[in-house]
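To keep things clear, I will list the structure first and then write my remarks on it.
The values are calculated or read from the model by the stated rules, or taken from the named source; none is laboratory data. The structure displayed is predicted, hence computed values, not measured ones. Neighbour counts are summed over all protein chains in view; Cβ atoms, including those assigned to glycine, are modelled from backbone coordinates with ideal geometry. Just the protein is used for accessible areas: all its heavy atoms, side chains included, with ligands, DNA and RNA removed. Shrake-Rupley method; radii C 1.70, N 1.55, O 1.52, S 1.80 Å.
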Amino acid sequence: MEKVRISPLQFFSLLVLFQFGTTLVVNLGLQAGKDSWIAMLIGMIMGLLLFSMNAFLYSLFPDKLPTVYYRILLGKYLGGFVGLSYGVFYLHTASRDVVDGGLLVMASAALKETPLLIVNLIMVMTVAYVLGKGIEVLARTALIFLAVVLIIGGFSLLVILFAGIVDLQRLLPVMGEGMGPIMKSVVEKNIHFPFAELIVATVLMPALNQKKTGIKAGYLAILFCGFMLAQTSAITISVLGTNITERSVFPLLTMVGKANISEFIERTEILVVMVLIIGVFFKISLYYYAALMCTSELFKIPYKKLIYPYAVIILGNSMVLSRSYSEHLMKGSKYLYTVLPVFTIVIPAVLVILGMIRILVRRMKSKSRSEPNSNSSPAS
């Protein structure tokens, strides 16, 4: 494994920007209608439970990459296959996020005539360049960009509030249709996107220089993002209403574009585009890095030798995933509740059970060894 160390604050910054990522880019999903912010909070709670499973496995195997303890718990061949499957999963998901980022840039910036291939190429090569410098550089960069994101977010919120376009009546009645639509939204989307995606954090955990504090930072990152995303969802609906929000491709941009103060402060959506691009960059980076580390550990290849071959794979895959943005969103919705749960819920749950059995077996063995010694006494 690459001998690197990242601090809990850097870990927190990486996970926050990762969760913001494409969650802010695409429509947050309004299966719950005006109660989507409640679904986001429930998804956050479930995300904490999922993260606790990964933290438990990390506590059993500190300083070991997931691909190592897959083979310990599942056996050499099955564990190796699972590790390789995770590498493919991370690589494919990075490609999907490149598509999200490329479409965002083309739709929101002055690049509408630029081919998607060029936009995606610039994004992938930028990520590849940073990863070539090492994960420590990416982690230090995350600290800086998190501060930028928070400043822009705070400024945008003030502009929206002072513009007088917020109508909290659009959020009423709360739970007017009961818990049914909310729980459907939670099960189909809010658990998985973005909280369950933090399975990628298992690749970063062995690099933490303070293990216990680092895990606490992970929990805080989920709480922070959960409340921020719920707030964003509630404000978006209170400004646009559910109908416009559902129809909008990028509702956050639509909302901020409506805000202006006396024709003096306007066109603030460009700031939001900056936030979205930053989030997408870090989401692609962590998935890209996770795929590299899985392959590197399994096949004993220095991960830096894989950076540019993987860049070609990610770029090529991003160009053939979908023929249109609507098709991309449709496939993404199916991906969320078919493929993603296998890697973020099912396999980690099986590993946790096997890890607990491993602990019980060790305790029973140590107890059986100690009992004969305690029962035996010297002959008088």
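Some observations on this one:
- 25 Å Cα-Cα threshold exceeded, pairs from 211/367; 76/212; 3/212; 212/305: 211/367; 76/212; 212/305
- Percent of Cα-Cα distances greater than 18 Å, calculated over segment 1-140: 72 percent
- Solvent-accessible surface (1.4 angstrom probe) belonging to residue 223, in square angstrom, nearest 10: 60 Å²
- Kirkwood hydrodynamic radius over Cα pairs of the chain, then Stokes diffusion coefficient at 4 °C and 1.567 mPa s, in µm²/s: 59 µm²/s
- Distance (nanometres) between label positions extended 7 Å along Cα→Cβ at residue 321 and residue 129: 2.2 nm
- For segment 169-321, the spread of Cα coordinates along the three principal axes comes to 58, 36, 34 Å, biggest extent given first.
- If you run the Gaussian network model on the chain, springs between alpha carbon atoms under 10 Å, then out of 339, 272, 16 the most flexible one is 339.
- Loop-located chymotrypsin sites (Phe, Trp or Tyr not before Pro) in segment 224-309 (DSSP state other than H, G, I, E, B) with a sparse environment of at most 13 neighbouring Cβ atoms within 10 Å: 264.
- Segment 286-360 and segment 76-128: distance between their alpha carbon centers, rounded to Å: 11 Å
- Values of log10 I(q)/I(0), in the order q = 0.12, 0.23 Å⁻¹, for segment 78-174 under a Debye, Cα-only, solvent-free model: -0.71, -1.19
- Fully extending the segment from residue 85 to residue 188 would add 34.8 nm, taking 0.36 nm per residue of separation and subtracting the current Cα-Cα distance.
- Judged by the ratio a/c of the largest to the smallest principal axis of the C-alpha gyration tensor, segment 159-208 counts as oblate, that ratio being 1.5 or greater while a/b is no larger than b/c.
- Across 306, 286, 17, mean-square fluctuation computed from a Gaussian network of the chain (C-alpha pairs under 10 Å connected) peaks at 306.
- Note on residue 157 and residue 357: the model spin-label points, each 7 Å out from Cα along the C-beta direction, lie 4.7 nm apart.
- Under the simplified labelling scheme, the residue 364-residue 72 pair shows an inter-label distance of 2.0 nm, with each label point 7 Å from Cα along Cα→Cβ.
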